[in-house]
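First the structure, in the form of structure tokens, and then the observations on it.
The values are calculated or read from the model by the stated rules, or taken from the named source; none is laboratory data. All of these numbers come straight from a predicted model, not from anything done at the bench. Note that each Cβ is placed from the backbone with ideal geometry, even for glycine, and that neighbours are counted across all protein chains shown. Surface accessibility is based on the protein's heavy atoms, side chains included, excluding ligands, DNA and RNA. Shrake-Rupley method; radii C 1.70, N 1.55, O 1.52, S 1.80 Å.
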Amino acid sequence: MTNPRPYALLAEITYRCPLHCPYCSNPIAVACADAVESAVPSGDTAEPNALRTAHTTAELSTDEWKRVIREAADLGILQIGFSGGEPLARRDLPDLIRAAREANLYSNLITSGIGLDDDRLCALRDAGLDSIQLSFQSDNTNLADEIAGTRAHQHKLDVAAKIRAANIPLSLNFVIHRRNIDRLPQMIELAESLHAERVELANVQFYGWAFLNRAALLPTREQVVRAREIATAAKARLAGKIDIFYVLPDYYENRPKPCLSGWGQRYLTVNPIGEVLPCPTASSAIPDLRFENVRARDLDWIWRESESFNRFRGTEWMPEPCQSCPQREIDFGGCRCQAALLTGNAANTDPVCELSPNRASVDAVLHELDSLGYHAPAWTYRTNPKGSPVASPHVAASR
Amino acid sequence: MQTPAIASSAQPRLTRGVRLQTDSKTGNSVLLFPEGVLELNETAQEILNRCDGRTVNEIIQALAEEYDVDPKMLAVDVEETLADLKRRKLIELT
């Protein structure tokens, strides 16, 4: 079998984040110590040495990330997304972006904006950052801050203006769920007023903290129908001005999403401690899969040879009804993590599919929601990994 | 799909945030933009390599000269390609 070639690397450089969004896709339980960062800008207060322990659960160092970036480019990767957690929590971010630029990668910063001021923005731009994706929780300050579990919304508005002024392409990302889905028109208005070029209206997908908080986050069928109409109309109205990407709430679909364009086909993720994942949520959703670490192996070997990347590659692994399905190279059997979380076996057909023998597991969740009426339960806020500071010292936002 | 008319005096340029570069794995040109990669065919590649402030008409003339073909034949291809790139917001016309 000829090996596919990856196009994009998601670099989750830290799980630390000053926000506490209950839909975060990061793993719920993660041991992750602070990084040994080699480039602390002068004038910056160094963090206490106690936090700078380096062991197997430590974040990758600056030099380790630089090596990963070079290996990614050698593998044919063209794009890198710096994500987290909050990637700005690492002071060496400009060095990593510079390394990406030198390796000819197109870089995208996926951020809450917390920790971004004029100086840092200039440093990132000068290092070669190509674009920024800024997250918003709502258009409404009170609701947005309630969802984030911290006061962040006003700061995000200021940051969006700074990004515009710095002439860096701006995408906005709204994660949509039961509590904010009815404000879709206002969120689209906000994107227009901030002059974003691109907007993702992404219905929450249930992994990590979102899976834990599913009962509080899952929208009702009526909400979903209405949101789809609004998104479709906005897409047509803003064509040529703002690109709108509407990510479907897949529990309400009859066929699964073509997750990752197929396992081990186009994407790879490196998490803060150096594990290489075919999918960012795989480490928590599929416990029986063992992941290789960049500290022990190079990316090329991991991409081509590792058990984790080959387990669900192609179509041979597929059970029925996927194996004989004409859609099998269109939706690739859906999402492996979802199959694992809802059926207990990652090799099953994604239970969202109406042909799956496990579709009842999804219908049961929807049925339970109907019985709740409009009384959604409270959610649990995301907490930071053990051994990490909640936020880096320059972050002003407080709970 | 409706094709917008492309004025021959317009100057096509890459949209801000879009990068044109060579894919080291294939040797072909690609456009890179937020969350996307577009692998270019030879026509698009030759056109975009000349989007350096020249007008559409100047680009057609330059290509006609280089490949020794009738500019009128080329014009359709060039305009279609530019219209497609414009629709994807990968180029701007000024």
Inset, instruction - Out of A:LEU109, A:LEU124, A:LEU116, report the one residue that is closer than 22 Å to A:PRO18 by Cα and within 12 Å of chain B (Cβ to nearest Cβ). - result: A:LEU109
Inset, instruction - Starting from residues that are open to solvent by less than 20 Å² (accessible area, probe 1.4 Å) and within 26 Å of A:PHE245 (Cα to Cα), keep the ones in segment B:30-60 and report whichever is nearest to the other protein chains (Cβ to nearest Cβ). - result: B:LEU32
Legend entry - Cβ-Cβ under 9 Å pairs, at least 6 apart or on other chains, segment B:65-94 side within 14 Å of chain A (Cβ to nearest Cβ), far side in a helix (DSSP H, G or I) and open to solvent by 30 Å² or more (accessible area, probe 1.4 Å): B:LEU90/B:ASP84; B:GLU92/B:LYS86; B:LEU93/B:LYS86
Inset, instruction - Test each condition in (1) more than 16 Å from A:ARG313 (Cα to Cα); (2) part of a loop (DSSP other than H, G, I, E, B); (3) of a type in the set (A, V, I, L, M) for A:ALA233 and report the one that comes out false. - result: (2)
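From A:ASN293, A:ASN310, which residue is touching a strand residue (DSSP E or B) at 6+ places or on another chain (Cβ under 9 Å), of a type in the set (S, T, N, Q), without any contact (Cβ under 8 Å) to a residue 60 or more places away in the chain and surrounded by fewer than 22 Cβ atoms within 10 Å (Cβ to Cβ)?
A:ASN293 is the lone residue from the list that is touching a strand residue (DSSP E or B) at 6+ places or on another chain (Cβ under 9 Å), of a type in the set (S, T, N, Q), without any contact (Cβ under 8 Å) to a residue 60 or more places away in the chain and surrounded by fewer than 22 Cβ atoms within 10 Å (Cβ to Cβ).
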Inset, instruction - Among the residues of segment A:328-345, count how many are open to solvent by 10 Å² or more (accessible area, probe 1.4 Å) and not charged (D, E, K, R). - result: 8
Legend entry - Odd one out for A:THR141, checked against (1) in contact (Cβ under 8 Å) with a residue 60 or more places away in the chain; (2) of a type in the set (Ser, Thr, Tyr); (3) farther than 22 Å from A:SER25 by Cα: (1)
Legend entry - Among the candidates A:ALA58, A:ALA100, A:ALA89, residue that is of a type in the set (Gly, Ala, Ser), within 14 Å of chain B (Cβ to nearest Cβ) and either crowded, with 20+ Cβ neighbours inside 10 Å or over 22 Å from the mean Cα position of the chain (by Cα) (or both): A:ALA100
Inset, instruction - Report yes if some residue within segment B:20-36 is in a helix (DSSP H, G or I) and at negative phi; otherwise report no. - result: no
Inset, instruction - For segment A:98-128, enumerate the residues that are charged (D, E, K, R) and either without any contact (Cβ under 8 Å) to a residue 24 or more places away in the chain or assigned to a helix (DSSP H, G or I) (or both). - result: A:ARG98, A:ARG101, A:GLU102, A:ASP118, A:ASP119, A:ARG120, A:ARG125, A:ASP126
Inset, instruction - Kindly list the number of the only condition in (1) within 14 Å of chain A (Cβ to nearest Cβ); (2) open to solvent by 60 Å² or more (accessible area, probe 1.4 Å) that fails for B:THR15. - result: (2)
